[in-house]
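Asks: Can you read through this structure? Questions will come right after.
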Amino acid sequence: MFKNTKILSRRLSTFSLPVNKSLEGIKATGENFQGLFSNKTINQLWFERGENLSSNLNNLLSQTSILKNDKEYSLQTIISLSMNTPELYQLHKYASNLFNLNFFIESLKQNDANKIEKKNVDALLETPKNSFGNIPTDHDFLDWINYSFGSIEEFRNLLINSGRAINGDGIVWVVAESSMSENYLDKNLPQKVPRFTNLAIVNTYNGGVLNDAERSGQISRMKKLLKEETEEDELELGSVEEAEYNVAYHNKSLIPILSIDVSPRNYLLDYGVFGKQKYLENVWECIDWDVVLRRLPERTTQLITM
Amino acid sequence: MFKSITRNSQRIRINSRSIHTIPKLELHDQWKTNGLSNLFSSQGYTESWINFQNYLLTNLTLLTNGTGNETKHPFQILLNTAKQSTKQHIFHFASMAFNNHFFYQQLTNQEIAKETKPSRFLMEKLIHQDIDSLESLKLKMNNIIMNSNGQGVLFLVESKDKSLQFLNCSNDGTPFYYGKNQILDLNGGIDEHTFKQLENLKQRVKNGDSDFNLPILAISYWDIMYIHDFGINGKSEYLNKVWDYINWDIVNKRLFQV
Amino acid sequence: MKIQTQAVNILETASNALKSGLLKEKPVWYDIILKYPPKHNLIKKPHQPKTNSSDPRNDEIVKNFKIPKDIHKIPKLKFIEDTIRDTFYKHHPWELARPKNLIEINGDEILKKCNWKNMLQLYKPLDGESVVQRTMYLIKNNKNLSIFDAYDLSRMEFYKLRMFEEMQSHISKEESIMNGAIIELNYLKQQMEKENEYLKQWIIQGMKQTKILEASSNKSSQVPVGSIIENDINQTSLFEDLVNLDK
């Protein structure tokens with residue numbers, strides 16, 4: 001699934017920051033990441049933070065016994081393995097933060113048409129503009145966007161709005177969504193192949209991971225585990241709470257194709273506290289659609305939804 | 001009749017529409033030009049106080065004008081909106097405006113801060129938390145913050161029985177209402193401990209429990225506090241410095257006096 | 001009634017009313033006015049230009065001006081803003097359902113503080129009026145823009161801002177829940193709980209009725225199965241019972 005992620009190699013229980021050629025160049029020349037980050041920001045965001053995360057991760061990995069020495073683990077596996085073990089909370093955070101960082105930066109390309117500028121308080125009153133560029137050229141992809149969101153304008157609006165509305169740390173993802181729940185697939189289809197019919201936008205907060213299979217049903221599983229005696233009324237139709245959990249974690253297979261990190265560290269230095277909208281608009285112009293297309297699973301145009 | 005008219009007109013005058021403006025700190029002018037020696041440069045101070053507070057309050061003004069909350073203080077607004085599922089964005093700006101102000105209120109210049117220290121009364125209470133010196137309080141609080149992810153404010157609160165506790169409020173969490181403390185992390189795996197805490201909270205909400213916590217000390221670890229002076233990864237450096245600027249006289253006074 | 005132009009006549013009118021019995025008692029002011037009657041007519045008369053006068057006001061007056069007959073009628077004021085406002089609220093009736101603060105000290109004070117360069121204002125909530133004012137601003141500052149285009153532009157801006165606020169509200173809630181917040185007042189939950197109360201009653205009633213239905217169908221098992229008359233009786237009685245229970 002994440003073949004193009006380069007953090008796969010793991011020797012002697014260590015992960016290292018993948019080598020990103022264009023970023024190495026920026027580091028050497030001291031130039032800006034055109035149209036999005038100043039040199040200072042990209043240095044701290046990618047090199048310093050990335051190295052911090054990977055060295056902390058390696059440190060914790062060397063202290064745990066969850067890994068067998070003769071096997072190679074992907075970062076994804078580490079994230080899933082550590083997720084439900086409270087002792088590995090920090091390890092899990094480092095691993096998912098490292099994964100998220102790479103996933104975000106990987107899909108960016110420079111675009112010198114944008115200006116990196118600090119905004120002042122007046123920016124809060126401005127109505128976001130409608131003009132934008134960097135529209136994906138792939139026809140099938142555009143068609144899929146139109147099918148799922150209505151139009152490219154609506155898609156961009158939704159993406160930017162979801163990102164801007166996050167108050168603390170967080171990431172907004174564009175995902176390909178399987179039409180059927182994994183639970184259903186397990187039971188009914190022997191070959192267990194998810195079919196992707198829809199694109200959707202999902203948020204995760206505070207270094208959360210985008211993995212519905214791991215997250216769905218956690219609360220109900222925990223309830224069963226603790227054999228909690230809940231007063232259940234036979235006549236009750238179910239609560240809003242249950243419905244919300246079931247919708248939020250419906251255990252459909254999600255494949256992320258694009259992510260935007262909207263945590264304050266990404267925009268504070270270059271755009272200031274008032275510049276989140278500008279930052280997001282710039283990110284849009286810097287999305288490398290080729291990378292996004294490579295991540296895209298095959299589309300199925302069927303109508304059954306479960 | 002005349003009396004009631006004048007009183008009414010007075011009330012109207014107080015209620016007249018105004019926008020939220022940044023509260024004036026005692027040493028504002030000095031800090032704006034010189035910063036706080038090793039903690040904030042003047043730019044760091046401008047960004048983390050003037051601009052950030054302005055950002056929060058302007059958003060608060062935009063979201064509350066023309067509503068029942070328009071004439072209220074951020075503190076009142078945060079209490080008014082904490083329980084309402086559709087007003088959480090308003091809560092965010094009100095609560096953060098309060099938290100940021102609360103944090104800044106306890107700061108002072110290094111020379112003045114050096115002269116102050118936690119009162120004996122405060123230290124006696126901290127012993128119940130296995131903290132026997134200022135140094136170990138620092139260590140404990142810094143440790144909690146270094147192990148937290150994302151944005152937040154770590155509060156030392158005085159609870160109903162007058163004992164002291166730590167409340168690590170993620171993002172905009174408020175120490176004043178348990179339903180919105182935001183001390184859990186449901187973003188990754190949910191373990192048994194977290195689940196039980198969550199269930200406990202739900203039960204308290206169901207019972208309509210009151211919350212009597214009062215904050216005594218706050219350490220903000222929002223990125224904006226350190227990003228300009230210590231960099232994106234400067235959290236620990238910032239945490240080591242910030243303790244030299246706490247005016248303990250103010251913190252001591254926040255404690256319930258017998 | 002004809003418009004009374006002469007306030008001086010008040011004493012005369014009141015006396016007549018008293019005489020005819022229309023007024024039972026003397027008004028309190030009657031004796032005072034009788035003692036000190038108004039000396040001159042207080043009604044201001046429009047200036048009548050005289051052809052040979054050197055009065056400077058003459059220059060201001062259009063030649064052959066005639067005082068219209070309905071000078072005392074309040075003229076119909078027509079503003080383009082009203083048309084836009086009507087259109088907007090006709091198309092967005094739910095905007096009227098939003099609570100509006102009616103306390104205002106100085107009518108246009110707030111509008112004077114606003115700068116319609118942007119739609120969002122610090123002193124005024126975002127509402128239909130914002131669309132009206134923004135449309136007016138656009139027309140004034142862009143001569144080539146038709147009123148329809150200007151209205152459309154500002155309407156779209158309005159939607160954009162509303163959408164963002166809705167997103168903010170939704171995401172802030174989701175984000176704080178992910179950090180362990182419990183939000184007490186959930187409107188959806190309240191609605192559903194209310195609905196459940198009624199549904200529960202219906203389920204209980206339904207179960208009762210099903211039992212009766214089953215019992216009576218057992219009783220009448222002598223009658224050939226599918227007897228139309230039997231079925232019809234059952235159905236009407238079921239319906240009646242439900243109606244009675246509901247009362």
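Asks: Tally time: how many residues in the stretch B:112-153 are of a type outside the set (A, V, I, L, M) and closer than 24 Å to B:SER95 by Cβ?
Replies: Residues meeting the conditions: 7.
Asks: Moving on. Please verify whether the stretch C:173-180 includes one or more residues that are touching a strand residue (DSSP E or B) at 6+ places or on another chain (Cβ under 8 Å) and part of a loop (DSSP other than H, G, I, E, B).
Replies: yes
Asks: Kindly evaluate C:GLU157 against the criterion of being of a type in the set (D, E, K, R), away from chain B (no Cβ under 13 Å) and closer than 27 Å to B:LEU57 by Cα.
Replies: yes
Asks: Taking into account only those residues within the stretch B:193-210 that are under 23 Å from the mean Cα position of the chain (by Cα) and farther than 17 Å from B:GLN84 by Cα, which is surrounded by the fewest Cβ atoms within 10 Å (Cβ to Cβ)?
Replies: Residue satisfying both the conditions and the ranking: B:GLN197.
Asks: Determine which single condition B:ILE144 fails, assuming it passes every other condition in (1) at pLDDT below 90; (2) within 14 Å of chain A (Cβ to nearest Cβ).
Replies: So the condition that B:ILE144 fails would be (1).
Asks: Taking B:TYR238 as the residue in question, decide whether it is within 14 Å of chain A (Cβ to nearest Cβ) and crowded, with 19+ Cβ neighbours inside 10 Å.
Replies: yes
Asks: Within the stretch B:37-84, take every residue that is within 14 Å of chain C (Cβ to nearest Cβ), touching a residue at least 40 places away in the same chain (Cβ under 8 Å) and assigned to a loop (DSSP other than H, G, I, E, B) and give me the one that is farthest from the chain's Cα centre (by Cα).
Replies: B:ASN65
Residues checked against (1) closer than 25 Å to A:SER22 by Cβ; (2) away from chain B (no Cβ under 14 Å); (3) in contact (Cβ under 8 Å) with a residue 12 or more places away in the chain:
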| position | (1), (2), (3) |
| --- | --- |
| A:GLU106 | yes, yes, yes |
| A:ASN120 | no, no, yes |
| A:LEU124 | no, no, yes |
| A:PHE141 | yes, yes, yes |
| A:SER151 | no, yes, no |
| A:ILE160 | yes, yes, yes |
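Asks: Looking only at residues that are away from chain B (no Cβ under 11 Å) and over 14 Å from A:PHE15 (Cβ atoms) in the stretch A:70-95, which one is nearest to the chain's Cα centre (by Cα)?
Replies: Restricting to residues being away from chain B (no Cβ under 11 Å) and over 14 Å from A:PHE15 (Cβ atoms), the top hit is A:LYS71.
Asks: Let me ask something else. Working carefully through the options A:LEU12, A:LEU67, A:LEU8, A:LEU81, find the one that is on the phi > 0 side of the Ramachandran plot, at pLDDT below 85 and not charged (D, E, K, R). Let's see the steps before the verdict.
Replies: Details: A:LEU67 fails: on the phi > 0 side of the Ramachandran plot; A:LEU8 fails: on the phi > 0 side of the Ramachandran plot; A:LEU81 fails: on the phi > 0 side of the Ramachandran plot.
Result of the check over A:LEU12, A:LEU67, A:LEU8, A:LEU81: A:LEU12.
Asks: Looking at (1) part of a helix (DSSP H, G or I); (2) within 23 Å of B:SER95 (Cβ to Cβ), find the lone condition where C:TYR159 falls short.
Replies: (2)
Asks: Criterion first (of a type in the set (Val, Ile, Thr) and modelled with pLDDT of 85 or more) does C:ILE32 satisfy it?
Replies: On the way: of a type in the set (Val, Ile, Thr): yes; modelled with pLDDT of 85 or more: yes.
So C:ILE32 fits the description; yes.
Asks: In addition: Please pick out the residue among A:ARG265, A:ARG294 that is basic (Lys, Arg) and in contact with a helix residue (DSSP H, G or I) (Cβ under 7 Å, 6 or more places away or on another chain). Outline the logic, then answer.
Replies: Numbers: A:ARG294 fails: in contact with a helix residue (DSSP H, G or I) (Cβ under 7 Å, 6 or more places away or on another chain).
Being basic (Lys, Arg) and in contact with a helix residue (DSSP H, G or I) (Cβ under 7 Å, 6 or more places away or on another chain) holds for just one of A:ARG265, A:ARG294, which is A:ARG265.
Asks: Within the bounds of the stretch B:153-173, is there any residue that is of a type in the set (Gly, Ala, Ser), buried (at least 20 other Cβ atoms within 10 Å of the Cβ) and within 14 Å of chain C (Cβ to nearest Cβ)?
Replies: For the stretch B:153-173, residues of a type in the set (Gly, Ala, Ser), buried (at least 20 other Cβ atoms within 10 Å of the Cβ) and within 14 Å of chain C (Cβ to nearest Cβ): present.
Asks: Test C:TYR151 against the criterion of being surrounded by 16 or more Cβ atoms within 10 Å (Cβ to Cβ), aromatic (Phe, Trp, Tyr) and touching a residue at least 60 places away in the same chain (Cβ under 8 Å), and give yes or no.
Replies: yes
Asks: Would you check which residues across the stretch A:285-306 are at pLDDT below 70 and either in a helix (DSSP H, G or I) or of a type in the set (S, T, N, Q) (or both) and list them?
Replies: Across the stretch A:285-306, the qualifying residues are A:GLN302, A:THR305.
Asks: Listed residues B:GLN257, B:GLN165; which is at pLDDT 90 or above and on the phi < 0 side of the Ramachandran plot?
Replies: After ruling out the rest, the residue left standing is B:GLN165.
Asks: I'm told B:ASP211 meets every condition in (1) touching a Lys or Arg at 6+ places or on another chain (Cβ under 9 Å); (2) touching a residue at least 12 places away in the same chain (Cβ under 8 Å); (3) in a loop (DSSP other than H, G, I, E, B); (4) facing another protein chain (nearest Cβ under 8 Å) except one. Can you identify the failing condition by its number?
Replies: (4)
Asks: Being crowded, with 20+ Cβ neighbours inside 10 Å, part of a helix (DSSP H, G or I) and among the β-branched types (Val, Ile, Thr) narrows it down to one residue among B:ILE112, B:ILE190, B:ILE144, B:ILE90; which is it?
Replies: Going through B:ILE112, B:ILE190, B:ILE144, B:ILE90 in turn, the sole match is B:ILE90.
The values are calculated or read from the model by the stated rules, or taken from the named source; none is laboratory data. The structure displayed is predicted, hence computed values, not measured ones. When we count neighbours, we look across all protein chains shown, and the Cβ atoms used for this are built from the backbone with ideal geometry, even at glycine.
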